[in-house]
Each structure stands twice: as structure tokens, then as C-alpha cells.
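The values are calculated or read from the model by the stated rules, or taken from the named source; none is laboratory data. It should be emphasised that the depicted structure is a prediction, and the values quoted were computed from it without experimental measurement. Ideal geometry is used to build each Cβ from the backbone, glycine not excepted, and the neighbour counts take in all protein chains shown. Only protein heavy atoms, including side chains, enter the accessible area calculation; ligands, DNA and RNA are left aside. Shrake-Rupley method; radii C 1.70, N 1.55, O 1.52, S 1.80 Å.
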Amino acid sequence: MKQEDSEEIIKNVYPEQIEDSGPGSFNYMHVRLEEHKQPELSTKELITEKTKEVCRSGPKVLINYLYTLFPVLHWLPRYKIKEYLPGDITSGLIVGIVTIPQSIAYSLLANQDPIYGLYTNFFCCIIYFLMATSRHNCVGTFGVLCLMVGESVNKQLVAAGFSTDGDSTTTLNSTLASNGTVCGKSCYAITVATSLTFIAGVYQILMGIFRLGFISMYLSEPLLSGFVTGSSITILTSQMKYLLGIKIPRHDGAGALVLTWIDIFKNIRSTNICDLITSLVALVVIVPVKEINDRFKSKMKIPFPVELVVIIVATLVSHYFNFKGNYKSSICGTIPTGFQTPRAPDWSLIPSLAADAVPIAIIGFAMTVSLAEIFAKKHGYTVNSNQEMIAIGMCNLIPSFFYCFTSCAALAKSLLRESTGANTQLNGIISSAVLLLVLLAIAPLFYSLQNCILGVITITSLRGALRKFADTPRMWQISKIDTVVWWVSMLSSSLISTEIGLLVAVAFAILCVIVRTQRPRATLLGKVSGTEIYEDQFTYKELTNIPNVKIYRFDASLYYANKDYFRTSLYSKTGINPSIVAALQRKAKKEMEAAAGETQNRFIARFNLIKTVKKTYPTSKHSVPQLDMHSLIIDCGAMQFIDTVGLGVLKEIHTDYEEIGVRVILANCNPSVRHSLQDGGYFSQSGGDVELLAFHSVHDAVTFAERKFKEKQKEIQLIDAAFSFDPDQAVSDDLKI
């Protein structure tokens, strides 16, 4: 390449640096970049290209789709038996044993018979094994979802004329099912639950297909944590009747928590002493052992299955001492073995359950995806969030034909699976095998198990969520807004209802985001001595202010909601309202124009040129405000976008400041903001010269502003020399006149 060509290229990239390369000059860099341009194709050419691409890659796309839909086809042939199998078997057995009591306990929470909880955990583990990308998630019954399912089932039971007093398993009425058969309370409850599970699964699959995983971004960690804690309080309240052995109606909707506690205290005298003593003994045994398991989990390869031991002992004691006959204690009753004939959901219930399924579907996939990403990050592999949504959707859709209710990734069991050495989803098959053994042979042995034991197991599993109250002081120190979101989510989900509480929490969280962007931090920047770094001068010490240059930073996008705050904070930080200054300047100029004399006319020309010089020039009646800046630099680095209203504000600010002689320069604009400025005609205000209005860094903008001010000072000196002009004397003469 010739030397002349090289110099021409350098001038195009660094024009000002070449022009002002002399000694003592203000060098700055202004980069002009050429954008990529996509080739324009006609409709015919576009269709032809797409058709050829599909024909060439059709078989490969189909194979890739199968591998994506069933990730097991990818990792199972590469399964390392010696390395992975021991951990998967150990973890699968432990999780399967722990799942047995939880399945039975959470069935009561969902207003179902115990057998259906076993069905749910059995089927969803198999489907998740085939379709999941997460290696450590444990899918099954989850307390919050069971509570939401139970609330929806209870509403439908009341609408169908069933009583909600007493145990959920008691048949007090009957109704006609969609297939023409007479359906009792238990039958109708599972019919409602399967229909609800079906529609929730459809929602989740559609969200995965259409890649709507971004919805989970609106469920922040404080929001989800508060929601789970509030739901845990509701779960604890709903289980108190089992611990006390009293019969009270189940309340749903707004104020259900308060109404339930009122009923509890009203019926406290009818407490079953046998159930109460059994509950206290179980609590005394389970809580300390679980604490030991948590504290020494790093040293204990296998946690002690205290829930299963308590269930076995309690069942034996209840059977041999005949707690039901002697003390009228509530027990599980008959739990059938084997599987029932698959049955389609009741399609007539779908319209009435469609709204209830929306929050269930969202919470289900949010918990599943968030846990999957946590474990993937910890163990160094990747997960596909959209595939996870499809997988959990299929875990609800297919099992809904097999008498199952809604499931998702359960936090406690997933942590247990990960801590006991799980390597792949093969451990889910081991857990399903344990449940299969229970379903085929062991289930009837739980006939004499007291419901109060299941209530204790449910309550003790909430320890982690309830401990979040202790984290709120620390959360308050880190972020006050997140703490408020947590409390709003917790209180709304517990005091109102789970569905409405979730909606209220999401709306409040979005409102907090809007408020934070509506009134963001706005500040002036100062220079770190000896560097090209500019920081908040109100936060850091020993920063250097650039003489006669104000650098304003707005830490949010500029749009219709914060336009007024942007303008107000700018005027407040700079100490100059250009509209007021311009009005006073116009009045001063009119008075000077009214005064006669050639000297005054010369002064007016000079006055227009040096409006931004610190010294003020009083007139007979008005005094022009003292301006301590000649350039205003707006740091747009935090602006992700600018809408049309924000663009209009920038145009107005540019015009107003230019009218009083202050140059407005933008810096750190991202490509989308520059496009908005270009398309909106912002740069046309300076003859289309982008170079005079936008820079890639604050330092280049400052250097440019100082250079232009030096040029103005030289021009003023030339005028003074040409006219031998003393502005102070001119003003004095004018006043005498």
C-alpha cells in the first residue's frame, strides 16, 4: 500500500488528530464507522434460497430436532457406567425413599387421596428423564403448587355441591362425571386436578415452543422468595387442623389465612389429644434430626431418612394400639395398589380452570428453570431453558391421563439429589423404581398412618422458606427496594391468595422498576487526575472539575416517563435554566440595541460571541446571569434507548442551550441511541455534522469542547485587536448616555 493511501485512511478514521497534531493542540479522536448492509433479495430469490436451504439440511434438522426434544438420546449412549452409575443409584434410592412420605403428605395439601401423590412422582420422573437437559433437577410434588392445586380443587368442589368439612378423602356427596358415571368427592377432586394439570401442561409446552421463557424474568429472586415464604405460611396454616385433629372447613380466596386461624381457635377445645401428642412427638424427633442432617451434610454421605422412620414407627404404633377406634384419630385409610386405567381429563372443566392454570404454569416452569440454571452453573454444563419448559410441560400433560396432579422441580429434593452424588437423570429412574415398589406392594401397609404425621412432615419441610425472615435485615442493607418487594410478595400471597398475591407481587415489582427508571440517579462527573476516567463528583473525593465544562450523567434510558425529571435534574445540577437565561439575554440585548452609537453596536456583536464567558455585562435595567460553562456534555452511557418523547427533549435542550451560547455534546451513545438520534433529525440541528454533537467517549468530548472554546477566545482577541475595543469602558459609556 502506498504511503499516500495510508495517510488518507488515517484521516478518515482520526480526522481531528491529524489536523491538530501540532504542539500544544487539543487532540481528540472521533471515529466514523461504516455499518453492515444486508443484501436485498427479491421475494422470489428469498423463497428459492430458503427452499434450497431446507432441502439441503432437512434430514439433519430432523435429527437435531429429535436430539433437542429428547436429550437422553445424546447423553445416554455416552454414559460412563463406572463413573456415573454408583452415584446415580445411591442418589436415586435416597431420593426415592424420601419421596414416599412427601408424596403422601403433599396429596392432602392438594386435596387428594395419598395414592395420587405417588402416581405423580412416579410418572413425572420417567418423562423428565427422557426430555430434560438438567442433570440434577428432581421433579415431583412441590408444596406451593400443591397448595395452589388444592385451592382450585376446593373451589370446584364447592361449586359442585360437595362439603369441605373434615378430611379431603371423605365422600359426602356425588355428582355425574363427564363420562356418565357417578363420581364421589374423591373422584371429582382428582378429575378437577387432572384437568387443571392438563391445561397447565399445555401452557408450559406452548411457552417452550414459542420461546416465552422471558416471562420468568419478571419473577425476580426476592419476589419468588417472598412468594414461597408467604405460601409456606399458608401451607403451615392449612396443616394445623391435622396436627390438632380438628375438623374445620377449608377457606380459599382473600383472607383465607385469617379465617382459618379464627376457625382453629374457635374449635381448639375439640382438639384430639392423641393427634396432638403424636404431632408433638414427631416434631421433637424430626426437627433435631433434620438440623443435624443440614449441619453435617458435608460429612454425611447419606442423610438419615428420619421422615420414613417416623412414618414406619407411627404406622405400627397406630395399628397395634388402634388409634382410630380408641381415640377417633384421622388416618390415611385404604391405599390401593397397582395403576388405574388411563382416563382423559374432563373437557367440560377446562374453561373454568383455564385462569387458575396460568399462575400454576408460570410458577412451575420458573422454579424448574431457575433450579436447572443454578445446578448447571455449579457443575459446569449448559441447560436449554425452552427445552426445560417443554419437559416440565410434558411432565404435566402426559401424567394428567394417569390420575396425577401438577408437578415441577422441587427445591428440597433437588438439593438432596445433588448432595448425594447424582450425575445424570438416570437417578430419576431409580427413584421411580422405588415408588413402583410402593405402588405395587407396600402402599396398603400405610392404612393406619395418622394424617397428623403427614402434616408434621409437610410443616417441617417448610423450614428453609420460613428462615427467609432472618435474611431480611441483611437484604435491607443490600437493597431496600428488593426487601420491600419481598415483603409485599410474602404478605400478598399469604393474606390475599396465592394467585392474586402473585399478580400483586409482579405488578408491584414492575412498578418499582418503573419508579427507579422514572427517577434514576443523575449527577455531574469529574475527572480522575492523571487519567481519562470520569466519575461521580458527589460520590468520590479528589476529582478535578473541567473549567467551564459540565458533564451530566443520567443513569437510565430517556423516555416519556422520566423526561421531566431529566430536564429538571439537568437544570438543577448545572445551575442554569436556559429558558430564563435566554429571556434575560434577549431583554438585555433589546435595551442595548435601543441605545445609540457605533461603539454599542460593536459591543453587541462581541456580546453575542462571548455569552458564555464568566464575566457579566450589566445593562441599565437587567443583569445577564453569570454563566460558568461554555459546553454541556451529556454522558449517554447508561441510556439503553430513547423514545420519541425523549428525543424531543434532547432537541429542545440542545436548542435552548445553544441559544445562550452553550454547546451541547453527547458522549457514549450506543448504536441504537445513535440510530434514534439520526433518524429523529437530532444531528440536523448542527447541519448534519455528527462530529460536533456525538463522541464515543467523555474524554474526547471534553477535549473537543476545550479546543472549540480556545478557538472562540482567539476570535474574541482578533475582534478586540481590530476595533481596539474595551467592553468595560463601552458599558460605562453606555450607562453615562
Under a 1.4 Å probe, counting only protein heavy atoms, S676 has an accessible area in Å², nearest 10, of 40
How would you rank 650-663, 541-554, 441-454, highest first, on the average number of other Cβ atoms within 10 Å across their residues? 441-454, 650-663, 541-554
³J(HN,Hα), Karplus 6.51/-1.76/1.60, whole Hz, each residue of segment 480-491, x for Gly, Pro: 5, 5, 4, 5, 5, 4, 4, 5, 4, 5, 5, 5
If R0 is 35 Å, what FRET efficiency do you get for R586 and Q518 from their C-beta distance, rounded to 0.05? 0.55
Go ahead and run the numbers for FRET between K297 and R211, Cβ-Cβ distance against an R0 of 45 Å, rounding to 0.05. 0.75
Total charge dipole magnitude, segment 399-534, about the Cα centre, Cβ charges on Lys, Arg, Asp, Glu only, Debye to nearest 20: 420
Would you mind counting up the charge near S385? Only other residues with Cβ under 12 Å from its Cβ, with Lys and Arg at +1 and Asp and Glu at -1. -1
For R78, R463, R417, give the ranking by accessible area with the largest first, probe 1.4 Å. R78, R463, R417
Please compute the length gained on full extension between I47 and F304, using 0.36 nm multiplied by the number of residues separating them and subtracting their Cα-Cα distance. 86.2 nm
Ordering I311, I514, I47 by how much accessible area each has at a 1.4 Å probe, largest first, what is the list? I47, I514, I311
Can you give me the % of accessible surface on segment 73-165 that is carbon or sulfur? Probe 1.4 Å, all protein chains present, nothing else counted. 65
When you count, for each residue, the other Cβ atoms within 10 Å and take the mean per peptide, how do 469-480, 126-137, 258-269 rank with the highest first? 126-137, 258-269, 469-480
With a sphere of radius 15 Å drawn around the Cβ of G253, what net charge do the other residues whose Cβ falls strictly inside it have (Lys, Arg +1; Asp, Glu -1)? -3
Given C512, V528, Q425, which one lies farthest toward the positive end of the charge dipole of segment 420-578, if we put +1 on the Cβ of every Lys and Arg and -1 on the Cβ of every Asp and Glu? V528
Hey, can you grab everything whose amide H is under 5 Å from the amide H of I331? Only 5+ residues off in sequence or another chain; H modelled, so Pro and N-termini drop out. N451
Taking placed amide H atoms and a strict 5 Å upper bound, the residues 5 or more places from I665 or on another chain that come that close are L632, I633, I634
Residue span T341 to S572: 0.36 nm per residue of separation minus Cα-Cα distance leaves a gain in nm of 75.8 nm
With all protein chains present, calculate the accessible area of H699 using a 1.4 Å probe and round the result to the nearest 10 Å². 40
Rough spin-label spacing in nm, given labels placed 7 Å along Cα→Cβ, for F70 and S579: 6.9
So what are the ³J(HN,Hα) numbers for segment 525-535, from phi and the Karplus equation (6.51, -1.76, 1.60; θ = phi - 60°), rounded to whole Hz, Gly and Pro as x? 9, x, 8, 6, 4, x, 9, 10, 9, 10, 10
Efficiency of FRET between L62 and V281 - r from beta-carbon atoms, R0 60 angstrom, step 0.05: 0.50
Under a 1.4 angstrom probe, counting protein chains only, how are V528, V192, V281 ranked by accessible area, largest first? V281, V528, V192
Linear extension gain, R474 paired with A254, 0.36 nm per residue minus alpha-carbon span: 76.1 nm
If I model a spin label as a point 7 Å beyond the Cα along the Cα-Cβ vector, how far apart are those points for V313 and S352 in nm? 4.5
Links that overshoot a 29 Å alpha carbon limit, given the list K266/K328; K290/K480; K185/K413; K563/K714; K290/K468: K290/K480; K185/K413; K563/K714
Starting from the Cα of A507, move 7 Å in the Cα-to-Cβ direction to define the label point; list residues of segment 484-499 whose amide nitrogen is under 18 Å from there. 485-499
